[in-house]
Amino acid sequence: MTYDPTRHDSYADDVIHGILKSVKSIALVGFSSNTVRPSYFVTKYLIERGYTLYPVNPGLAGQEFFGAKVYATLAEIPGPIDMVEIFRNSEAAGPITDEALLLQPMPKVIWMQLSVRNDEAAAKAEAKGVTVIMNRCPKIEYGRFSGEIGWNGVNTGLLSSKRPMLGAKSWQKRTI
């Protein structure tokens, strides 16, 4: 089977939803301790939604954020990783994907953040049976499926009869 890059131009909702429901542990490569960086608040958000997060940043290795220890490399993370989320540029996604494919067991998903796309890396991962998502944000997708993103006036295109519930610390949050 030949790699078809057009498959990554859009994804069916059931594919994205299925990934977000099935993964439990996520390595977030490119974590930043800067509170205004997207990788910081995506990490916080996903932890609050019940995922086990492993932030990866060599400059912050050994520190702890939101109860999660930061690792220097993917190889240092203890235990299996379901998904590797890449918060680096498209060029860096290649070597990060190569590193992820050396893990035993391999992750089920390689997820590249908004504006990150590397078709060569995707082809390598898919050839080994790993699902690849590019140019998407799991926080946005989670919010879209849970209905939380609609609280900000965004039309998700999804209808739901779920009522908003008060979560811990008086913050509302929903699950998918």
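Tabulated values for the structure
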{"read-out": "Residue in segment 53-65 that is of a type in the set (A, V, I, L, M, F, W, C), in a loop (DSSP other than H, G, I, E, B), more than 12 Å from the chain's Cα centre (by Cα) and over 25 Å from residue 105 (Cα atoms) present", "value": "no"}
{"read-out": "Top-ranked residue in segment 3-52 [being part of a helix (DSSP H, G or I) and in contact with a strand residue (DSSP E or B) (Cβ under 6 Å, 6 or more places away or on another chain); ranked as surrounded by the fewest Cβ atoms within 10 Å (Cβ to Cβ)]", "value": "47"}
{"read-out": "Neighbours by Cβ (under 9 Å, 6+ apart or cross-chain): first from segment 52-73, farther than 19 Å from residue 100 by Cβ; second part of a helix (DSSP H, G or I) and among the aromatic types (Phe, Trp, Tyr)", "value": "65/40"}
{"read-out": "Count of residues meeting criterion [touching a residue at least 12 places away in the same chain (Cβ under 8 Å) and surrounded by fewer than 21 Cβ atoms within 10 Å (Cβ to Cβ)] in segment 104-126", "value": "11"}
{"read-out": "Checking residue 103 against (1) out of contact with any strand residue (DSSP E or B) (no Cβ under 7 Å at 6 or more places or on another chain); (2) in a helix (DSSP H, G or I), the condition it does not meet", "value": "(2)"}
{"read-out": "Selection from segment 68-89 of residues that are surrounded by fewer than 17 Cβ atoms within 10 Å (Cβ to Cβ) and either at pLDDT below 95 or more than 19 Å from residue 40 (Cα to Cα) (or both)", "value": "75, 76, 78, 79, 80"}
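The values are calculated or read from the model by the stated rules, or taken from the named source; none is laboratory data. The structure displayed is predicted, hence computed values, not measured ones. Quick reminder, even Gly has a Cβ in these numbers, built from the backbone with ideal geometry, and neighbours come from all protein chains shown.
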